[in-house]
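Enquirer: Got a structure for you, written out below as structure tokens; questions coming shortly.
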Amino acid sequence: IHDTTSHDPNDARAYDRSRRTATSLLKQKKPLAMFDVHRDAGPAEPYVKEIDGKEVAKCMIVIGRQNPKAESNLQFARRLKDEANSQYPGLVKGIFMGKADFNQDLFDRALLLEMGTEQVSREAAERGASLIASLVPGVLPASGPGATPQSRGAGRTIGWLLGIAVAGIFVYLWISTGSWEEMKAK
């Protein structure tokens with residue numbers, strides 16, 4: 001779900017207003033992740049990168065350290081940053097631990113993404129956001145709460161091991177009994 005509700009003005013109550021939107025969205029559908037996309041304040045230079053000959057806004061991932069889900073949000077942020085570094089080195093400027101909760105207490109995989117600054121062109125910010133979005137499926141859980149991309153591979157490995165064990169038992173019984181009829185009897 002892409003929601004473009006404005007939570008202006010940018011004041012101390014902006015997150016109270018955005019919390020209502022986030023809560024409403026979470027009631028509509030259980031997401032795999034939730035992203036709050038902003039633009040930082042400050043000069044453009046630290047947030048600009050060239051990728052494939054085009055200016056792209058770098059992303060700063062912000063985690064609210066004053067929320068009970070900060071650790072799970074941070075783990076998700078690290079996976080996203082690692083994937084970004086492998087595909088587009090330098091696209092993620094870093095992970096910043098902020099003093100607020102940024103509504104991240106609402107969900108285990110909730111991130112605040114600062115896409116450039118207000119001095120970076122909107123087009124560059126959109127290009128950066130598009131690159132980040134392309135990486136998200138690779139870091140989302142396989143299914144269910146707590147599942148991670150690594151658990152997909154672990155599940156396949158366990159399936160293969162169980163299959164091999166069952167096949168091994170059948171082969172052992174067949175060899176040790178000498179025939180299918182005796183194996184069925186055992």
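Enquirer: Return the aspartates and glutamates within reach of Lys58: Cα separation strictly under 12 angstrom, same-chain partners fewer than 8 residues apart disregarded; answer none if there are no such residues.
Expert: List returned: Asp40, Glu45, Glu50, Glu114, Glu126.
Enquirer: Still on this model: Would you mind calculating the gained length between Val37 and Asp52 on full extension (0.36 nm times residue separation, minus the Cα-Cα distance), in nm to one decimal?
Expert: Between Val37 and Asp52, full extension yields 3.1 nm more.
Enquirer: How would segment 84-125 be classified by its alpha-carbon gyration tensor: rounded, prolate or oblate, with rounded meaning a/c under 1.5 and the a/b versus b/c comparison settling the rest?
Expert: oblate
Enquirer: Give me the extension gain from Ser121 to His7: residue separation times 0.36 nm, minus the current Cα-Cα distance, reported in nm with one decimal.
Expert: 38.9 nm
Enquirer: Cβ under 12 Å from Ala22's Cβ, Ala22 left aside: what net charge do those residues give with Lys, Arg +1 and Asp, Glu -1?
Expert: Residues near Ala22 contribute -1 overall.
Enquirer: If you wrap a convex hull around the alpha carbons of segment 1-121, what volume per residue comes out, as a whole number of Å³?
Expert: Output value, Cα hull per residue: 115 Å³.
Enquirer: Which pairs in the list Lys49/Lys81; Lys69/Lys99; Lys29/Lys93 are over 22 Å apart, alpha-carbon to alpha-carbon?
Expert: Flagged as over cut-off: Lys29/Lys93.
Quick note: the coordinates plus some simple rules give every number you see, no bench work behind them. Because the structure is predicted, anything quoted here is derived from the model rather than measured. Because the Cβ atoms are built from the backbone with ideal geometry, glycine has one as well, and the counts that use them run over all protein chains shown.
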